[in-house]
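Structure, as structure tokens:
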2 protein chains.
Amino acid sequence: MKKEGILLIVSGPSGSGKGTVVSKLVESGEFCLSISATTRKPRDYEEEGVHYFFHTKEEFEAMAEKGELLEWASFCDNYYGTPKAYVEQCLKEGKNVILEIEVQGAFQVKELMPESVLIFLMAPNVTELRKRLTGRGTEDSSVIEKRISRAMEEMELVSKYDYVIINDTVEKSVEDIKTIVSAESMRTSRNSDINKMFKGEI
Amino acid sequence: MKKEGILLIVSGPSGSGKGTVVSKLVESGEFCLSISATTRKPRDYEEEGVHYFFHTKEEFEAMAEKGELLEWASFCDNYYGTPKAYVEQCLKEGKNVILEIEVQGAFQVKELMPESVLIFLMAPNVTELRKRLTGRGTEDSSVIEKRISRAMEEMELVSKYDYVIINDTVEKSVEDIKTIVSAESMRTSRNSDINKMFKGEI
């Protein structure tokens, strides 16, 4: 019985550590990473189809128009979005796909693909979050406070997610996500052929 | 943050191996086993509050009347049911509870306690099921065929369960159930206080 992959959507406030967790999951070889489309210019090290799919503004708008994007948003005068075809292809091949996007995008995808799994990753508490953001040493305190108040806002939406993970350590969060995927693969809604299989019809 | 336990309801056709799997889970010390109430006479080795809560017919009917049972049914002129108080007490103490009941009872409990988790355990296929039932060597072929046709009927209801586990080996099924419990404990619906915890309010 060939099963479809599972689409995981991972969100979390700045400082939640989601980037590192997602990288580790992709490294494990058990997940495909969804590649975003953007109208932003490629940076020196960025490759087409690896870091992003690069498009002109017109191409991007045409994709959105034709419903070829699972979600999209504009940020600093550039568009960013998730091409549907790549995600659907991976899922059809039975691969689990991971999508790291912010909350509004996450809800857009969930609406289009209700069988996707929304995971919210968070720092244990606001004190720890402030420590992590400060520890980076890259941003001044006003930026950090802005990120914290944004995190507070995002936390209000956590109940709209399916699962919440407190990111104490990267290793634990990676294991937690794998546990969620294992459990989800046993959901009856993802095993609609089980009855036929039992009867030996497939 | 003190969390409530999770109520697992495990069903599965005769020959699915659910009895063995449930025993192993209880032995692991991570699960309380719900104890049924019955009007049947205790057998020699059976102890009150260990194997069953034994009641008279009148007592049992009064319990049902007062809504003190999560589900009940009559079988061979005796009543069998699940006392609510014991299950609720264990859950409140943060213990996971396991309830091994047949399909109709499972749906009754799910209706009363929607946060419970329905797990259907099954043999990989009908050929294997027949082999297992025959292997017991305790029943003649007409009884076995009856059990198989009953299993076929129960399989029609599998989609009403949350999860389905193909019981290849006892060890794997035990691990599968533990995986489901771990994932369920990360559900946002079971972590409604997470926002307060994040803000340091609790």
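The values are calculated or read from the model by the stated rules, or taken from the named source; none is laboratory data. Bear in mind the structure is a predicted one, so any value in this text is a computation, not a measurement. Note that each Cβ is placed from the backbone with ideal geometry, even for glycine, and that neighbours are counted across all protein chains shown. Each accessible area value is taken on the protein alone, full model and side chains, heavy atoms only, with ligands, DNA and RNA left out. Shrake-Rupley method; radii C 1.70, N 1.55, O 1.52, S 1.80 Å.
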Please state which of the following conditions A:G105 fails to meet, knowing it meets all the rest: (1) in contact with a helix residue (DSSP H, G or I) (Cβ under 9 Å, 6 or more places away or on another chain); (2) surrounded by 14 or more Cβ atoms within 10 Å (Cβ to Cβ).
(1)
Just to be sure I understand the filter: pairs with C-beta atoms under 8 Å, separated by 6 or more residues or on different chains, first member in the stretch A:143-166 and away from chain B (no Cβ under 12 Å), second member assigned to a loop (DSSP other than H, G, I, E, B). Which pairs pass?
A:R147/A:P13; A:R147/A:S14; A:R147/A:G15; A:R147/A:E139; A:R150/A:P13; A:R150/A:S14
Of (1) free of Cβ contacts under 8 Å to residues at least 24 places away in the same chain; (2) within 8 Å of chain A (Cβ to nearest Cβ); (3) over 25 Å from B:E71 (Cα atoms), B:V126 fails just (1)
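Every residue, every condition in (1) in a loop (DSSP other than H, G, I, E, B); (2) modelled with pLDDT of 90 or more, yes or no:
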position: B:K3; (1), (2): yes, no
position: B:V22; (1), (2): no, yes
position: B:L25; (1), (2): no, yes
position: B:Y45; (1), (2): yes, yes
position: B:E59; (1), (2): no, yes
position: B:G67; (1), (2): yes, yes
position: B:E88; (1), (2): no, yes
position: B:L91; (1), (2): no, yes
Is there a residue in the stretch B:64-84 that is out of contact with any strand residue (DSSP E or B) (no Cβ under 7 Å at 6 or more places or on another chain), open to solvent by less than 90 Å² (accessible area, probe 1.4 Å) and aliphatic (A, V, I, L, M)?
no
Among (1) among the β-branched types (V, I, T); (2) out of contact with any His (no Cβ under 7 Å at 6 or more places or on another chain); (3) more than 25 Å from B:I119 (Cβ to Cβ), B:T39 falls short only on (2)
Here is a check on your reading of the model: is A:I144 assigned to a loop (DSSP other than H, G, I, E, B) and either closer than 22 Å to B:K160 by Cβ or more than 20 Å from the chain's Cα centre (by Cα) (or both)?
no
Of all the residues that make up the stretch B:167-202, how many are touching a Ser or Thr at 6+ places or on another chain (Cβ under 6 Å) and more than 7 Å from every other protein chain (Cβ to nearest Cβ)?
2
Can you give me the number of residues within the stretch B:16-31 that are touching a Ser or Thr at 6+ places or on another chain (Cβ under 6 Å) and more than 28 Å from B:S149 (Cα to Cα)?
0
